[in-house]
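Asks: Supplied in structure tokens, the structure appears directly below.
No value in this document is a laboratory result; all are computed from the given coordinates. Since we're looking at a predicted model, the values are computed, not measured. Virtual Cβ from ideal backbone geometry, glycine too; neighbours counted across all protein chains shown.
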Amino acid sequence: MKGDRLVKYSFLSIIGVFVLFIIPFILLQLQFDVSLLSKEGILADQSFIIAVKNTLAFMLVFIPIVVILGFVLAYLTEYYKFSMIVQMIIILPIVLPALSVSGFFKEIMYTFFYQKLGSIGFLGVIFIWASTGYAYLIMLISLKSRNVSIEQAALLDGASQFKVLFKIILPLHSNALVLSIILSIYNSLRIFKYTYAIFGEIPKLELLTIQNYLYIKLKKFHPDVLVVSADIFLIIILVMLLVVISWGNHRNKKLIK
């Protein structure tokens, strides 16, 4: 695509983002009610507190599992040559529709995982199964583009495979890890689709996430509560992203030194 055409299509995309997302978000901020941040406001809403706790617990537990599992599978694929069939099995869940995944877990896996792992654990299993393929692909692409001579030189100097993994491979692929974490954060927000498909519009409190909470407030048309709760959640997500990006930049600076 020529440069002028690329600029034109990019400009149209930017306009679309502004019209559909950014401008409505700014207009909604006009309805921001500071009084809802008091102890008598949204902070007194037990369902909001539970939704935030469930969401943070879910993200802090299962995002690292997805990223680590994606890296381990990519590492094993690259160094121990997984067959194409095994690779397809790992990647397949990311192309399946959410309703198909939800139906599979609701009809076949619900009783076992829900009783053994609890509500958040059950959602975590769905998240791991549906999202590991993204982290796997990112890490696999990064590993395939690596400079093998660095690892070979370290092995010839007497370094163990374990030391090469933690001192060379992981630091050199920290950018891919950061991208995997960011994408996993995004995918964790999509768990709402699965809870909606399996448990309906209003799930039990133990299954309530912030996305469910926002959906309920939108459906009941409480724009003031919706704006305040959405802003709080947005701040939490931005803080998480800043921490991840800062860690990535710190790793890059150490590599340059």
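Asks: So which of LYS106/LYS204; LYS39/LYS217; LYS39/LYS106; LYS39/LYS193; LYS53/LYS219 end up more than 27 Å apart by C-alpha? The partial results should precede the final answer.
Replies: Working: LYS106/LYS204 15 Å; LYS39/LYS217 19 Å; LYS39/LYS106 38 Å; LYS39/LYS193 31 Å; LYS53/LYS219 22 Å.
Correct reply: LYS39/LYS106; LYS39/LYS193.
Asks: So for the chain, taking the charge dipole from beta-carbon charges (+1 Lys/Arg, -1 Asp/Glu), which of ALA230, PHE18, VAL244 sits furthest toward the positive end?
Replies: VAL244
Asks: Let me ask something additional. Using a Debye calculation, one point per C-alpha and no hydration shell, please list log10 I(q)/I(0) for the chain at q = 0.08, 0.10, 0.12 Å⁻¹ in order.
Replies: -0.43, -0.66, -0.91
Asks: Now for a different question. What is the log10 of I(q)/I(0) for the stretch 49-93, computed with the Debye formula using one identical point scatterer on each Cα and no solvent, at q = 0.25, 0.32 Å⁻¹?
Replies: Log10 of I(q)/I(0), two decimals: -0.85, -1.06.
Asks: Helix 110-144: angle to the longest alpha-carbon principal axis of the chain, degrees 0 to 90, nearest 10?
Replies: Between the helix axis and the principal axis of the chain, the angle is about 50 degrees.
Asks: For ILE141 and PHE104, FRET efficiency with R0 = 35 Å and r from the beta-carbon atoms, rounded to 0.05? Could you put the intermediate results ahead of the total?
Replies: On the way: r = 28 Å, r/R0 = 0.79.
The calculated FRET efficiency here is 0.80.
Asks: Counting Lys and Arg as +1 and Asp and Glu as -1, each charge on the Cβ, what is the dipole of the stretch 42-256 about the Cα centre in debye, to the nearest 20?
Replies: Numbers: 17 positive and 9 negative charges, 48 e Å.
Value, rounded to 20: 220 debye.
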